[in-house]
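Chemist: Let me give you the structure first, and then I'll get to my questions.
The values are calculated or read from the model by the stated rules, or taken from the named source; none is laboratory data. Note that the structure is a prediction, hence the values are computed from the model and not measured. Using ideal geometry, Cβ is built from the backbone for each residue, glycine included, and neighbour counts are taken over all protein chains shown. To get the accessible areas, we keep the full protein, side chains included, count just its heavy atoms, and leave off ligands, DNA and RNA. Shrake-Rupley method; radii C 1.70, N 1.55, O 1.52, S 1.80 Å.
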Amino acid sequence: MIKFSDILLDRRTIRKYSSGPVDDKLLNELLVMGCRASTTGNMQVYSIVITRDEQKKKELAPFHFNQKMITEAPVILTFCADFNRFNKWCLLRKAEPGYDNFLSFMTGAIDALLVAQTVCMAAESKGLGICYIGTTTYNAHKIIGLLNLPKGVVPVTTVTLGWPAEKPDQIDRLPLEAVIHKETYKDYSNMDIEKYYKEKEKRTDSQQFVIENNKGTLAQVFTDIRYKKADNVYFSNILLKVLKEQGFMEQ
Ligand SMILES: Cc1cc2nc3c(=O)[nH]c(=O)nc-3n(C[C@H](O)[C@H](O)[C@H](O)COP(=O)(O)O)c2cc1C
């Protein structure tokens with residue numbers, strides 16, 4: 001039996017999956033464990049859409065910029081902030097819901113992410129591999145159409161799930177002291193930044209990344225290629241429109 005602490009410490013994202021099936025019983029077990037996650041006021045303002053159908057995966061893939069995990073993984077889970085169900089319950093019980101605002105979207109999004117991460121840990125504890133797919137928030141409007149998500153529901157993240165067909169090297173993290181602040185936030189001097197990012201920048205894979213992308217520094221790979229301002233602004237505006245359409249910006 002592998003210790004839970006080892007599962008957490010040894011994990012890595014898995015992007016290649018074997019053809020081994022993830023049966024409904026196992027998936028159900030993971031989802032039951034996931035739904036034990038903490039949830040705001042025990043409201044469970046989230047929903048999880050399971051995609052197994054090959055045709056549906058093919059239709060979903062372009063909305064995730066054709067990342068191959070979407071069509072290759074046996075199971076795709078789309079985690080949504082969801083006030084639709086809760087609002088309906090309130091109305092049916094003569095209670096006036098006040099959840100048509102941005103704070104409520106954040107509440108649903110936080111709940112959805114907590115359940116997602118708990119499902120991921122449950123999956124990894126069973127030897128399954130997972131990959132988060134961040135493009136969900138870029139193309140939320142298209143995913144809403146395909147998955148038939150009603151008003152009050154916004155997809156916030158996607159996870160691909162399957163039996164690992166690879167064991168990539170673990171990738172780095174910043175030293176713990178870089179992300180921890182004791183009692184109050186201590187802002188970073190240039191020297192701190194130099195110190196905390198030194199190891200990351202020194203890594204062969206980082207240097208390779210800079211060369212492949214024809215850039216001068218690793219930070220430029222992020223700002224100019226991977227997470228560009230123009231893209232961030234473009235997709236932010238789309239997401240704000242989605243939040244409005246889904247009824248979270250009424251107040
Ligand atoms: C919210 C979120 C979105 C992510 N989106 C993607 C993605 O779209 N494609 C991908 O290949 N990996 C994605 N990842 C995985 C990260 O790239 C990965 O977790 C990170 O590089 C650290 O690697 P590790 O999980 O193996 O430690 C995402 C992770 C998170 C938390």
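Chemist: Looking at Ala109, is it touching a residue at least 60 places away in the same chain (Cβ under 8 Å) and within 16 Å of the ligand (Cβ to nearest atom)?
Modeler: Numbers: touching a residue at least 60 places away in the same chain (Cβ under 8 Å): no; within 16 Å of the ligand (Cβ to nearest atom): yes.
Judged against the criteria, Ala109 is not a match.
To keep it simple, each residue is scored yes or no on (1) surrounded by fewer than 13 Cβ atoms within 10 Å (Cβ to Cβ); (2) farther than 30 Å from Val153 by Cβ.
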{"position": "Ile211", "(1), (2)": "yes, yes"}
{"position": "Gln220", "(1), (2)": "no, yes"}
{"position": "Tyr227", "(1), (2)": "yes, no"}
{"position": "Val233", "(1), (2)": "yes, no"}
{"position": "Gly247", "(1), (2)": "no, no"}
{"position": "Gln251", "(1), (2)": "yes, no"}
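Chemist: Is one or more of the residues making up the stretch 79-88 within 12 Å of the ligand (Cβ to nearest atom) and either among the hydrophobic types (A, V, I, L, M, F, W, C) or modelled with pLDDT under 95 (or both)?
Modeler: Our first condition is that a residue be within 12 Å of the ligand (Cβ to nearest atom); within the stretch 79-88, this holds for 79.
Subsequent filtering for residues that are either among the hydrophobic types (A, V, I, L, M, F, W, C) or modelled with pLDDT under 95 (or both) retains 79.
Scanning the stretch 79-88, I find at least one residue that is within 12 Å of the ligand (Cβ to nearest atom) and either among the hydrophobic types (A, V, I, L, M, F, W, C) or modelled with pLDDT under 95 (or both), so the answer is yes.
Chemist: Here's a follow-up. Assuming Ile238 fulfils every condition listed in (1) surrounded by 14 or more Cβ atoms within 10 Å (Cβ to Cβ); (2) at pLDDT below 95 apart from one, which condition is it?
Modeler: (2)
Chemist: Would you kindly identify the helices (runs of 4 or more DSSP H) lying entirely within the stretch 63-155 that contain at least 2 residues that are closer than 26 Å to Met249 by Cα and open to solvent by 10 Å² or more (accessible area, probe 1.4 Å)? Steps first, please.
Modeler: On the way: elements: 69-72, 84-92, 102-125, 140-146.
Of the helices (runs of 4 or more DSSP H) lying wholly inside the stretch 63-155, those with at least 2 residues that are closer than 26 Å to Met249 by Cα and open to solvent by 10 Å² or more (accessible area, probe 1.4 Å) span 84-92, 102-125, 140-146.
Chemist: Next up: If you take the residues of the stretch 131-189 that are within 16 Å of the ligand (Cβ to nearest atom) and small (Gly, Ala, Ser), which of them is nearest to Glu29 (Cα to Cα)?
Modeler: Going through the stretch 131-189, the residues within 16 Å of the ligand (Cβ to nearest atom) turn out to be 131-140, 142-143, 154-162, 164-176, 178-179.
Then keep just the ones that are small (Gly, Ala, Ser); that gives 134, 140, 162, 165, 178.
On the way: Gly134: 25, Ala140: 28, Gly162: 14, Ala165: 22, Ala178: 36 Å.
The extreme case among them is Gly162.
Chemist: If I filter the stretch 1-42 down to residues being outside any loop (DSSP other than H, G, I, E, B) and open to solvent by 100 Å² or more (accessible area, probe 1.4 Å), which single residue comes out as modelled with the lowest pLDDT? Write out each step before concluding.
Modeler: To start, the set of residues in the stretch 1-42 that are outside any loop (DSSP other than H, G, I, E, B) comprises 4-10, 17, 24-34, 40-42.
Okay, now just the ones that are also open to solvent by 100 Å² or more (accessible area, probe 1.4 Å), so 4, 9, 24-25, 42.
On the way: Phe4: 93, Leu9: 98, Asp24: 98, Lys25: 98, Asn42: 98.
For the stretch 1-42, the residue satisfying everything is Phe4.
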